[in-house]
1. Sort Glu79, Glu31 so the one with the fewest other Cβ atoms within 10 Å of its own Cβ comes first.
2. Where does each of 15-21, 39-45, 67-73 land if you order them by average Cβ count within 10 Å, highest first?
Amino acid sequence: MRGPAMSLVRVRRAAQITLPRDIRLAAKLEEGNYLKAEMTERGIVLRPVSVAARKPAASAEILAVAKDVRREMAAVRREAGSH
């Protein structure tokens, strides 16, 4: 299955990004949906997750994932700044 064409996304203040419309539509994402962010060898991967069907601890898990992503982003920024 081929998805939408690759798009350029800019990281804004507070590390916010806007996903292009064609990607949001293809992934059936709506305002308020949650995404799991993960660093892989190939880069950053965002996956939709359902928090409604999960245990109450899911919000803590999402915060932990967000904290991990912020930590990874800080490491990437430090690395980029050292070059």
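Read-outs throughout are calculated quantities, based only on the coordinates presented, and are distinct from any laboratory measurement. Owing to the predicted nature of the structure, the values given are computational and were not obtained by experimental measurement. Quick reminder, even Gly has a Cβ in these numbers, built from the backbone with ideal geometry, and neighbours come from all protein chains shown.
1. Fewest-to-most ranking of Glu79, Glu31: Glu31, Glu79.
2. Details: 15-21: 11.4, 39-45: 9.1, 67-73: 13.3.
Going from most to least packed, we get 67-73, 15-21, 39-45.
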